[in-house]
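One structure below.
Throughout, read-outs are computed from the coordinates displayed, never taken from laboratory work. All values derive from a computational prediction rather than experimental measurement. So basically every Cβ, Gly included, is an ideal-geometry build from the backbone, and we count neighbours across all protein chains shown.
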Amino acid sequence: MESFESELSCAHSLPWVAVSADGRVIGFIICRRVEDGGEVLKLAVSPSMRRRGIGGKLLRHAMGELKKLGVVRVSLEVRESNAAAIGLYERFGFKRLAARKEYYRNPVENAAVMFADL
Ligand SMILES: CC(C)(COP(=O)(O)OP(=O)(O)OC[C@H]1O[C@@H](n2cnc3c(N)ncnc32)[C@H](O)[C@@H]1OP(=O)(O)O)[C@@H](O)C(=O)NCCC(=O)NCCS
């Protein structure tokens, strides 16, 4: 929660939400831009709404907006075991180019570092 709040309040933070027809927030993405580099900081879809294309729509929208802002390359970190997110990112052209050893806590796990050119 603390990291969520600090990411949202960061001056460079670019958040978008997905809203259902009846007005509920069902997903969100938080990115940031530093000069011509973009980063996906958080992406999540409500468990009951997954696998319906919402994560993909959020990511497509965010990447389009980052491109309009002059971003040429987007990076992100993801748990190596997170097959759903890695599958989604690969569909959007992200490639695993590096790893950060024991980057996550609870449980300890490596991060895959992924990049996509816009
Ligand atoms: C990752 C996440 C955002 C995906 O959202 P989503 O709305 O379910 O994704 P989409 O429906 O747009 O899926 C698009 C593609 O991603 C891949 N994908 C999504 N979920 C997957 C799964 N469980 N297993 C394998 N591939 C998956 C597939 O290629 C899928 O296309 P398909 O359904 O035509 O096969 C969602 O699972 C989530 O909120 N997970 C928990 C939070 C999280 O891990 N966030 C990422 C942290 S970096």
Quick calc, residue 57 & residue 96: beta-carbon distance into FRET formula, R0 25 Å, rounding 0.05, result 0.60
Once R0 is set to 25 Å, what does the formula 1/(1 + (r/R0)^6) return for the Cβ-Cβ distance between residue 118 and residue 25, expressed as a FRET efficiency to the nearest 0.05?
0.45
Cut-off 15 Å between beta-carbons: net charge of the residues surrounding residue 110, Lys and Arg +1, Asp and Glu -1:
+1
By its C-alpha gyration tensor, with a ≥ b ≥ c as the square roots of the eigenvalues, how is the range 24-118 shaped: rounded for a/c under 1.5, else prolate for a/b larger than b/c, else oblate?
oblate
Under a straight-distance cross-link criterion of Cα-Cα below 20 Å, which lysines are reachable from residue 67, leaving out those fewer than 8 residues away in the same chain?
42, 57, 95
Assign unit charges at the C-beta atoms only (+1 for Lys and Arg, -1 for Asp and Glu), then state the dipole size of the chain relative to its Cα centre in Debye, rounded to the nearest 20.
440
So for the pair residue 44, residue 67, with labels modelled 7 Å out along Cα→Cβ, what separation do we get in nm?
2.9
Hydropathy first: keep DSSP H helices in the chain averaging at least -0.5 on Kyte-Doolittle, then drop any whose Cα extent along the axis falls short of 20 Å, and list what survives.
54-68
Residue 13 to residue 108: FRET efficiency via 1/(1 + (r/R0)^6), r the Cβ-Cβ distance, R0 30 Å, to the nearest 0.05?
0.65
